[in-house]
Each structure stands twice: as C-alpha cells, then as structure tokens.
Amino acid sequence: GLPAALPALPLELTVLYNSLLFTLGPSDSAIEGEAEGIHQGLLRVLEACGACGQDLSTEELWQKVLQEVTAEELRAPLHQLGALQAAWWLAASRLRSTAGLLRLLSSPQDLGTAHCSEQENELLSLLKAWRVPAEEDSLPLVQSTKDLKEILCTAAAFLQGLQEMEAGNFPTALSLLQEAAGGFCSKRVLAQIYTCLGCCAQRMGKPQTALQHLKRALQVDFHCLPALSHAAAVYHELGEASAELEALALLYEALGKNPQAAASPSPYFHIRTELLVHTPVLSSLLRHRHPSEVKYQLAQRCLQYGRVDDAVEHYLDLLALLQEGLEQQVPLDGSSALPRIPEVFLEAASALGQAGRHQDAITVCEEVISRTTDLIPRRSRAEERLGQPPCLSPGAGPAGGLLSQKKESLCCLAWRTAGYLQQGWAWAELGQSKEAITQFSRCLSDLLRVQLHGPGVESTENLLPEVEVLQKIRLLSLIGRGAQWLELGRHKEALLDFQHSLQISPGDPAAASYLVQALWKLNREQEAAAHWQKLSQSPPGEDGQREGQGRPFPLYLVSCLKQATFPHSDSLARSIRDYLSTTAQD
C-alpha cells in the first residue's frame, strides 16, 4: 500500500522478478495465463513517474513505460521484467507480442544488428541482438537475465520449428530445430529436439538422416523412449524388419522397467525451455506409448512379416496383459493405437492357425463368438454408402447416432462371422470337412441378418468399410464351404457355392478356379474349358481382393485369403489343355 517512489523501484522490481521466478520454480507444469504481477509492477513504475495507465493492456503498458520512462537506474530492472514477460508470451505462443516487446527493449544499434533478410528468423534475430544491461551486484537475481535470454532463444527456435513442422514447411522447421539443438537447455529437452528433428527428416523423405537424429536423441537421454518408437517407424518405412522388431522389443522392455522415466531437469534454473514449449504437436510427437500398444505392434509386425511363432508368443502375452485389466493397459484419452479387443483375439487366432495350432485358434475364436452373440440385431440393412451426407456424421443428431449404432452392429457382426470363418478353415486344415462346413454355414447364416446391397458389388469404392469386410467374409465362407463339398465328393453343392461366390465378386480368381474344378468333376468338360479360357485371358488384378489398392482388409482375414487360394491350378490347367488338344484333333 505504500506509494511508489523512484529510488526504491529498482529494489521493488528486482524483488518482484525474484518472487515470480520462485512462484514458477517448484512447478514442472507449463507457464499459463497472464503475469498479473508484471502488470502491477509496470503500473507502479508509471505511478512513480507521475503517469497513469490503468486502462491499458499489458502490451500498451510496456510501450508506454519503455517510451516514457528514461531513468537509467530502472533500465536493468525493466529489462529483467521484460525477459520474464517474453517468457510468458512465448509460453502462450504470442510470437508477435514477444517480437514487439524486444523491439521496445532494444536500442537503435541493437535493431540495426537485428535487421534480417527474408530467409532469417525475425524473432531469433531480435533475441540475439538484444543486449541485456549489466546487473547490480547489490541486487542479486535468482536467475540471471542473460541465462533467461539464452533459454528464450532456445525456446523461440524450438517453438517456431514445431509450428513450421505442423504447417508442412519442413526445410524451415529443420533449420529452426537445428538452431534450438545448439541452444541452452537440459539433456531431456535436447533429446526431445533431436526426436523432432528425426520426425521432420522422416517427413521430408530422408529416413537415414532421421535415424541419425533419433540415435542422437537416445545418446543424449536414453530415457527418451519416443525416439525409440519413431526409430521403429523409420525402420518399418525402410523395410528393415529385424531392426524394427529389435527397436520395438527394446521399447517394450524399457516401458516395463520404468514407463515414464526421464532425465531430471536442472534444478538450478527456475524458467526452463520445457516450461515454455508445450504445443499439441510436441505432445503428439513425444506421446508415451503404453506397454500393451507396443506388445500389439510387435505381434502385428511379426504376423505381417511371416514370423508366425514369434507372433503367437506376443499375441498370447498381449491377451494375458489385457485380461489383467483393460483400464491399466489402454489409455483413457482415446489415443490408444490398439484396435478393438475382438480384432486382437481374431488376429491371435489367425497367428495360431498359421502356426498349426488349429485347436487353439478354434478356442480363441469361440471366445469372440460368445462375447458378440447378444450384440448383433436380428435383422439389419447395410446399404449405406459414403456418398450419403445425412449418415456421415455420427454426432449430427439422430441420423448420425443411428449410423453410429448401425456401424457398431456391423462391426460386431464382422467379428462374429470372422470367428466362424476362421473356425471353418481351422477344421478344414484338421481334415474335418463336415465340421468345417458347419462353421462356414453358421457364418453364412449370420450374414443373412444383414441385407448387403445386391447386384453391382464390383463397385465398392463408396461402400462403408464394415460392409466391404462383410462381403469379403461371405465370399471366403462360400469358397471355403464349396472346397469342403468337393472334398466330400458333393460336387453339385460345391458348384452352387462357387456360382454364388462369383455373383458376389465377379472375376474372383479363386472362386472362378474352383468353379472350373467343380464343373470338371461333374464331367461338364466343355463348360469347364470355356470358363478356364475366360479366366486365363482375364488380366491380373481383377480378383476383387484389393491388395495394394484401396482400403486394406483387416489383418485377421489375411490368412483366410491365403487359404482360399485355389491349390491345384497347374494340374487342372494340364487336364484342360489335354482336353482342348484332344477336342481340336477330333
């Protein structure tokens, strides 16, 4: 409540500077909000000089103070508060306000030094050219203004690098992040900067450079696990399966030992770079993975790379993790990379089947089937296409909510029928054709609950993904059941299934090949030969399996796609060629 007095202001402003630093120091949380203490301090300066600024904003207040107050003894304290204000504004990403303040703090000579070309960064140039006044020995500071200036330079480069990266200006982002890496910061922040450099280089199409930056991040701080996660992604992009799996295994092991470990920041500085840079893009790049996510990625990659035994081991470990408690394994903020739990079970069953553990695969599928039984409506229509605007936004009123519910029902139906499909192929592999036919028939019976759109299914570009998956499951079930009818010698039933398959997916090579075989076994050689000639003349890529194009099918269907491939192409082709040759001679 004492009136402001010019002789006491240097001490008063220094105490204010130190007290604000002490307020920030114990907290590792980011700086937020407006520095009300600085605003009040500036008003005290104007009061001591006989001026008023009650109705001014903080930016206007700084402009008035620095233009009207010329007392030399206030120069250093005002620069201290200015550095603190710049930190607050940088933390709020108010770059223009920060640059404007630095222009006011700088002398004409400083501004001449800071004059930069279009290629140079204005804010960084102003920060580097700003000459901080010498500090009074009689007024010690908790954190020197020079040190704070260095931290501001690092934070400004880091923050702007992230902004440019988010905007897609990768060369500029790379330059700014490299500037930040040469700045004043803790090991933890330096590792984060190198991680961002690696991500930037990867997006520029420079995977080897990205790996160098990510390895550097781990050398600086081996607790920087996001760098290890991004390195695995780069190895995947390069097609280096062994290196990718090794990185993922190391990541999983590190998460198991200490999930959130990180190098502790230096306790000496109250304002640090990590308090000033906290953007959503940085949070996304440095997101900590959960052990279950990494274990799933390990299992998935092993299955994709054909390392079936390793995939089985990882999937079984993952299922055990999930049974310990879903809440502990899956992030609650919706950011998890895990798919829906039934899909994990189905992928595990696929891996077990490929490893020859067919009974175990049948058991895992039964778990999915039993859990989804009550979630599927008795009857449903699935004619929605992506081009129908009323049904596209799940949050847009009753229509959106209805579509969301219908899509969920379709997902449950896809999981249940995929379970039956995998069981059918597993029984087929065990040589139990009758049991296989039963499971394929259950799959097809369930699919009758949903009315898929009729003729013209070859135009699938605008279908909902769930409907497209259901169509593929129906096709694979018909092929599977038809193949088992052939095993039992019931060729007419097989022929009907293959004909139905081709109605669903005209030109599918597996269905067409099986159809030829069924006709051949029914002694309808002329028809078989005609279909075979048509099949052999069709260009590759018309199989409707969309491999390498459009939306990929779920991983749990890949093994069924392989099992549905016609296995007797060469022998059937020889038989038909011999028949055609004999017919030509006759």
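The values are calculated or read from the model by the stated rules, or taken from the named source; none is laboratory data. Quantities reported herein were computed from a predicted structural model and do not represent experimental measurements. Reconstructed Cβ throughout: ideal geometry from the backbone, glycine too, with neighbour counts over all protein chains shown. Surface areas here come from the heavy atoms of the whole protein model, side chains and all, with no ligands, DNA or RNA. Shrake-Rupley method; radii C 1.70, N 1.55, O 1.52, S 1.80 Å.
Numerical summary
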quantity	calculated
Yes/no for Q143 being of a type outside the set (A, V, I, L, M) and in a helix (DSSP H, G or I)	no
Residue that is modelled with the lowest pLDDT, among those in region 261-300 that are under 24 Å from the mean Cα position of the chain (by Cα) and open to solvent by 50 Å² or more (accessible area, probe 1.4 Å)	A262
Count of region 1-24 residues which are open to solvent by 60 Å² or more (accessible area, probe 1.4 Å), assigned to a helix (DSSP H, G or I) and either within 15 Å of V45 (Cβ to Cβ) or not assigned by the TED database to the domain that holds E73 (or both)	4
Search result, residues across region 58-76 that are within 47 Å of the chain's Cα centre (by Cα) and within 20 Å of L20 (Cα to Cα)	T58, E59, L61, W62
Yes/no for S505 being open to solvent by less than 50 Å² (accessible area, probe 1.4 Å), at pLDDT below 95 and assigned by the TED database to the domain that holds G353	yes
Selection count where residues are touching a helix residue (DSSP H, G or I) at 6+ places or on another chain (Cβ under 6 Å) and closer than 13 Å to L448 by Cα, scope region 406-415	2
Residue match in region 542-554 (condition: of a type outside the set (K, R), at pLDDT 90 or above, closer than 30 Å to Q297 by Cβ and crowded, with 24+ Cβ neighbours inside 10 Å)	no
Selection status of L303, open to solvent by less than 20 Å² (accessible area, probe 1.4 Å) and either within 19 Å of the chain's Cα centre (by Cα) or within 30 Å of A91 (Cβ to Cβ) (or both)	no
Per-region count, region 406-426, residues modelled with pLDDT of 95 or more and surrounded by fewer than 24 Cβ atoms within 10 Å (Cβ to Cβ)	0
Pair list, Cβ under 9 Å, 6 or more apart: region 209-234 residue assigned by the TED database to the domain that holds C199 and under 12 Å from L248 (Cβ atoms), other residue of a type in the set (S, T, Y) and open to solvent by less than 50 Å² (accessible area, probe 1.4 Å)	H230/T195
Residue among S125, S175, S144 that alone is in contact with a His (Cβ under 9 Å, 6 or more places away or on another chain) and closer than 26 Å to S97 by Cβ	S125
Tally, over region 270-297, of residues that are within 25 Å of F184 (Cα to Cα), among the charged types (D, E, K, R) and in a loop (DSSP other than H, G, I, E, B)	2
Of all residues making up region 235-258, the number that are more than 16 Å from R289 (Cα to Cα), in contact (Cβ under 8 Å) with a residue 40 or more places away in the chain and either surrounded by fewer than 16 Cβ atoms within 10 Å (Cβ to Cβ) or out of contact with any Phe, Trp or Tyr (no Cβ under 9 Å at 6 or more places or on another chain) (or both)	1
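Per-residue answers, yes or no, for (1) among the charged types (D, E, K, R); (2) within 21 Å of V234 (Cβ to Cβ):
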position: C153; (1), (2): no, no
position: L159; (1), (2): no, no
position: G168; (1), (2): no, yes
position: A181; (1), (2): no, yes
position: K187; (1), (2): yes, no
position: L197; (1), (2): no, yes
position: Q202; (1), (2): no, yes
position: Q208; (1), (2): no, yes
position: L214; (1), (2): no, yes
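Condition check ((1) over 17 Å from the mean Cα position of the chain (by Cα); (2) within 30 Å of D309 (Cα to Cα); (3) among the hydrophobic types (A, V, I, L, M, F, W, C)) across all residues:
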| residue | (1), (2), (3) |
| --- | --- |
| F170 | yes, no, yes |
| S175 | yes, no, no |
| A191 | yes, no, yes |
| L197 | yes, no, yes |
| H236 | no, yes, no |
